[in-house]
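Below is one structure, written out as structure tokens; comments come after it.
The values are calculated or read from the model by the stated rules, or taken from the named source; none is laboratory data. In this text the structure is predicted, and so the values were computed from the model without any measurement. Using ideal geometry, Cβ is built from the backbone for each residue, glycine included, and neighbour counts are taken over all protein chains shown. Note: areas computed on protein heavy atoms with side chains; ligands, DNA, RNA excluded. Shrake-Rupley method; radii C 1.70, N 1.55, O 1.52, S 1.80 Å.
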Amino acid sequence: MKFAERVENLPPYLFVGISRAIAKKKEQGIDVISFGIGDPDMHTPQPVLDALYDGAKNPANHRYPESEGLPEFRARAAKFYKDRFDVHIDPETEVINLIGAKEGIAHAALCFIDPGDISISPDPAYPVYEIGTMFAGGTTHFATLKEEKDYLVDFSEIPTDIAKKAKTLWINYPNNPTGAIAPMSFFQEAVQYCKEYDIALLHDAAYTEVTYDGYVAPSVLQVDGAMEIAMEFHSLSKTANMTGWRVGFAAGNRDMVNALMRVKSNIDSGLSQANQEMGIAALNLPSSWLDKNNEVYQKRRDKVVATLNEIGVPAVAPKGALYIWTPIPEGYTSAEFAQKLLDDADVVVTPGNGYGPGGEGYIRLSLTIPDDQIDEGLRRLAKIRVNA
Ligand SMILES: Cc1ncc(COP(=O)(O)O)c(C=O)c1O
């Protein structure tokens, strides 16, 4: 059988290798602690589950949903924008429901990228920006995120001929995997840059609500003129412990939202309406619920950073997202150091090069495992001799 190049060209999914390594250790009777994938261990809150139970009983929800989502969902998402960012979003035309942010991110490429086109993506990055572009027949120009530049895209380093040809620019703050945050001035620069070169600005805002130390993340749509060229992707996965329920949305420029709606309506039939009702309930959670949820991650963050520092790994506490991203000691590649932690401590971390070549020399630890496992993982890590 001959498969399409887009399938042949797919790199192995990052976490498959990690799952295999864990399974191998398990076979040997070793209980591995995994700081690998970012999938919240805490439960979906009860009011959100209640919305599912109620929604399941409503016969109207047994039928095909609309691709763009329930009007009630879109209205609630628009209210989120007003309350949280003071941005006006027209619920009819400027917001669309997604089957998780990942679905929208992957399909967005089909709205802008023709074969041979260029997309600019950060490196390291959530891999779907590049994969979506590849599926659409395009290629990605990587803009390396550097520690000394606070992991912000440096627009001056993007060659002008690439900028002139590029159709899309992806940004993501709070950032996966680096945990970096972006000041408003960066978003202003991004909007200006995309306007100058006629590029669609795509902001993955999956972690705007997962922040620490009182930090409040902005939306790119707060920038004057952003609505002319930008679309932003939100996820309830991490915000409300809902990875299994696949609820997200995109908002922004109406033509961009409409293009995504047209693509989606030819590919999927939208997210189950009962799940959309879960999304409404999640957006209705009081801010105190979110604060408490984030407090748990903040405590874990502090513990993990302290232990890494003790063993000679120079981790710094991030202000947002669910990850500790840290350079590794000299003398190791990312994969070698991750392997050492697995061999010597039975602890799994993600090698940074899994997020692109710019991630070489780093590892990522996710904060989404229960506290007792974090504590056990850190006890094991504390015994590691980095240069042994
Ligand atoms: C940066 C980033 N964007 C998007 C997603 C996907 O979110 P969802 O679960 O809503 O598809 C993730 C999930 O890990 C992520 O890290």
Expressed as a whole-number percentage, the relative contact order of the chain with C-alpha contacts under 8 angstrom and at least six residues apart is 23 percent
To the nearest Å, what is the center-to-center distance of the range 260-336 and the range 46-72, using C-alpha atoms only?
26 Å
Rounded to the nearest 500, what is the 222 nm mean residue ellipticity of the chain from helices alone, with -39500 (n - 2.57) per DSSP H run of 4+ residues and division by all residues?
-12500 deg cm²/dmol
On average over all directions, what projected area in square nanometres does the range 330-374 have, based on the convex hull of its Cα atoms?
3.5 nm²
If each residue of separation counts as 0.36 nm, what is the full-extension length gain between Asn284 and Ser269 once their alpha-carbon separation is subtracted?
2.9 nm
If you plug each phi of the range 276-286 into the Karplus form 6.51 cos²θ - 1.76 cosθ + 1.60 with θ = phi - 60°, what whole-Hz ³J(HN,Hα) values come out, in order, with x for Gly and Pro?
5, 5, 4, x, 4, 4, 5, 5, 8, 4, x
Under-5 Å amide H pairs with Arg364, H placed in peptide plane, nonlocal only:
Thr350, Gly352
Computed label-point distance, nm, for sites Arg6 and Thr144 using a 7 Å Cα→Cβ extension:
3.0 nm
Mind giving me the nanometre distance, one decimal, between the label points for Val216 and Tyr64, set 7 Å out from Cα along Cα→Cβ?
4.3 nm
For helix 334-345, what angle does its Cα long axis make with the longest principal axis of the chain, in degrees from 0 to 90 and rounded to 10?
60 degrees
At a 1.4 Å probe radius, which order do Arg74, Arg380 fall into by accessible area, largest first?
Arg380, Arg74
For an R0 of 35 angstrom, estimate the FRET efficiency from the Cβ-Cβ distance between Glu27 and Asp50 and round to the nearest 0.05.
0.30
Taking H as built 1.01 Å from N, whose amide H comes closer than 5 Å to the amide H of Val247, not counting residues under 5 places away?
Gly100, Leu236, Ser237
Could you state how much accessible area Phe112 has, in square angstrom rounded to the nearest 10, with a 1.4 Å probe and all protein chains kept in place?
40 Å²
As I understand it, the dipole of the range 47-283 uses +1 on the Cβ of Lys and Arg and -1 on the Cβ of Asp and Glu, about the Cα centre. Which of Ala282, Pro127, Leu201 lies farthest toward its positive end?
Ala282
Cα centre as origin, Lys/Arg/Asp/Glu Cβ charges: the chain dipole, Debye
720 debye
Taking 41 Å as R0, compute the FRET efficiency from the Cβ-Cβ separation of Ala335 and Glu310 and round it to 0.05.
0.95
Extension length gain for Glu72 and Ile162 (0.36 nm per residue less Cα distance), in nm, is 28.3 nm
Which lysines does Lys383 reach when only Cα atoms under 27 Å apart count, and residues fewer than 8 places away in its own chain are ignored?
Lys24, Lys25, Lys26, Lys299, Lys303, Lys340
Taking the dipole of the range 47-283 about the Cα centre (Lys, Arg +1; Asp, Glu -1; charges at Cβ), the one of Thr144, Val263, Ser67 that reaches farthest to the positive side is Ser67
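Please state the shape class of the range 1-122: rounded when a/c is under 1.5, otherwise prolate if a/b exceeds b/c and oblate if not, all from the C-alpha gyration tensor.
Oblate, since a/c reaches 1.5 and b/c is not below a/b.
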Report, to the nearest whole %, how much of the accessible area of the range 47-283 belongs to carbon and sulfur atoms, 1.4 Å probe, protein only.
51 percent
Amide H proximity to Ala200 below 5 Å, modelled H, separation 5+ or other chain, gives Thr168, Leu169
Average accessible area per residue (Å²) across the chain - probe 1.4 Å, nucleic acids and ligands excluded:
44 Å²
Length-normalised contact order of the range 43-160 in % [C-alpha pairs under 8 Å, at least 6 apart]
16 percent
Taking 0.36 nm per residue of sequence separation and subtracting the Cα-Cα distance, how much length would be gained by fully extending the chain between Arg254 and Asp86, in nm to one decimal?
58.7 nm
Of all beta bridges DSSP finds with both residues in the chain, what is the antiparallel percent, to the nearest 5?
45 percent
Given a Förster distance of 35 Å, report the FRET efficiency between Glu376 and Val16 from their Cβ-Cβ distance, rounded to the nearest 0.05.
0.90
Taking the simple approach of a point 7 Å from Cα along Cα-to-Cβ for both Arg262 and Ala317, what is their distance in nm?
4.9 nm
If you take every DSSP beta bridge fully contained in the range 145-290, what fraction is antiparallel? Give it as a percent rounded to 5.
40 percent
Using the Cα atoms of the chain to build a convex hull, what is its mean projected area in square nanometres?
20.1 nm²
On the accessible surface of the range 294-388, probed at 1.4 Å, how many percent belong to carbon and sulfur atoms?
50 percent
